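Undergrad: Okay, handing you the structure first.
The values are calculated or read from the model by the stated rules, or taken from the named source; none is laboratory data. Because the structure is a prediction, the values reported are computed rather than measured. Cβ placement follows ideal geometry from the backbone for every residue including glycine, while neighbour counts extend to all protein chains displayed.
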Amino acid sequence: MTTPDTLREAADAAEVAVADARSITDLDRIEDEYLGPESAVAVARRSLRAADEETRRELGRAVHEVSTHLGALVAERRATLERAAIDGRLASESLDLTLPGRVPPRGTVHAVHAMWDEIVDIFVALGYTVASGPEAETAYHNFDALNTPPWHPARLESDTLYLDYGDDPEGVLLRTQTSPVQVRWLEEHPTPVYVVAPGRVYRRDPLDVTHSPVFHQMEGLAVDRDLSFADLKGTLQHFIDALYGKGRRIRFLPHFFPFTEPSAELFMSCHLCDGSGCRTCSNKGWIELLGCGVVDPYVLSAAGHDPDEVSGFAFGVGIDRLAMARHGIPEIRHLWDADLRVLEQFR
Ligand code: DAH
């Protein structure tokens, strides 16, 4: 028989249990135990109808007190546990918007290509057109049409990579210079001609400190009425001014190239020591930059132009060498090692 006293005892036990509940499931079980259909409170409530009036009044008051009190305690504990659950989830799933993002690695233009773009731009600004030709070139365009006869030492297999393609094993080769683009352009275009042709060239050289079997050149060609060596000089002085700033002195030393007459090598006063001698210029004060000359009449007529009507000048510059000088890179192979620690320095 449930009395108000046993109800209050049960209520005391329930208070402790509710305060100890560690989770919502715990609390659900405790609520069921002390307030559910089988609980002392429920049993007492069901017995009220059959009880006499005094018992009904006393027991009824106790049932009301205990169930209201416990109900409030359970609701309060439930709210606390729910808040704790949410706080825990927030803490574990938190997204810190103040953390720096993941930065994707940024690519760079290779030092040689940056130099390629820079020198092409200088000539485009002068009105030159950019031309290109095949890297697998005919011996005719790479040599014969450039006045380089079959017995010329540059044609030896020790210098040139032949592709052994077609009937003549030495008829097709990896071009050793960008000069064949001169011929291809002249074969297909009327004068006046003002073109530059940057590109990749190949030689049978082992990779060492200063040589690479693959490197880059930019060819220049101007053919028009009355062009002379003086025009070549003015053009190249402008080129050096644009590349290294005004103040570099230039000088031409006589040289021989089969496709120009006269031919010269262009030297520039060293941009680091201004001519007094340093490591970059091997203590000479001068840096060799390119080969050049007045286009040989043979080249003009072989490509279908009349050397009595037009004349021109040409030059060929090594792009890799300019990039190395610009950045103080001591060995050409650093450019092709694909070591990002090196390449990323030339942004
Ligand atoms: N083709 C030459 C070389 O690879 C460079 C050169 C020299 C190009 C004189 C020219 C030139 O157009 O006129 O060494």
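Undergrad: As an exercise: evaluate Ala323 against (1) modelled with pLDDT of 95 or more; (2) within 32 Å of the chain's Cα centre (by Cα) and give the number of the one condition it does not meet.
TA: Here Ala323 meets the rest and fails (1).
Undergrad: Evaluate the following for Ser179: is it at pLDDT 95 or above, touching a Leu at 6+ places or on another chain (Cβ under 8 Å) and not basic (Lys, Arg)?
TA: Taking the combined requirement at face value, the residue satisfies it.
Undergrad: Right, something else. Identify, please: which residue in the range 249-266 is surrounded by 15 or more Cβ atoms within 10 Å (Cβ to Cβ) and among the aromatic types (Phe, Trp, Tyr) and is, among those, nearest to the ligand (Cβ to nearest atom)?
TA: Across the range 249-266, the extreme among qualifying residues is Phe257.
Undergrad: Here's another thing I want to ask about it. Is it true that Arg56 is under 60 Å from the mean Cα position of the chain (by Cα) and of a type in the set (Lys, Arg)?
TA: no
Undergrad: Could you please find all residues in the range 165-185 being over 37 Å from the mean Cα position of the chain (by Cα) and either on the phi > 0 side of the Ramachandran plot or within 16 Å of the ligand (Cβ to nearest atom) (or both)?
TA: Gly166
Undergrad: Please find, within the range 304-332, the residue that is farthest from Thr178 (Cα to Cα) out of those that are within 16 Å of the ligand (Cβ to nearest atom) and part of a helix (DSSP H, G or I).
TA: Ile332
Undergrad: Next up: Tell me, yes or no, whether the range 183-202 has at least one residue that is without any contact (Cβ under 8 Å) to a residue 40 or more places away in the chain, part of a helix (DSSP H, G or I) and either closer than 21 Å to Ile119 by Cα or of a type in the set (Asp, Glu) (or both).
TA: yes
Undergrad: Would you mind telling me which numbered condition in (1) modelled with pLDDT of 95 or more; (2) among the hydrophobic types (A, V, I, L, M, F, W, C); (3) within 16 Å of the ligand (Cβ to nearest atom); (4) not in a strand (DSSP E or B) Ala222 fails?
TA: (4)
Undergrad: Conditions first: (1) in a loop (DSSP other than H, G, I, E, B); (2) over 30 Å from the mean Cα position of the chain (by Cα). Phe252 passes all but one, so which condition is the exception?
TA: Among (1) in a loop (DSSP other than H, G, I, E, B); (2) over 30 Å from the mean Cα position of the chain (by Cα), the lone unmet condition for Phe252 is (1).
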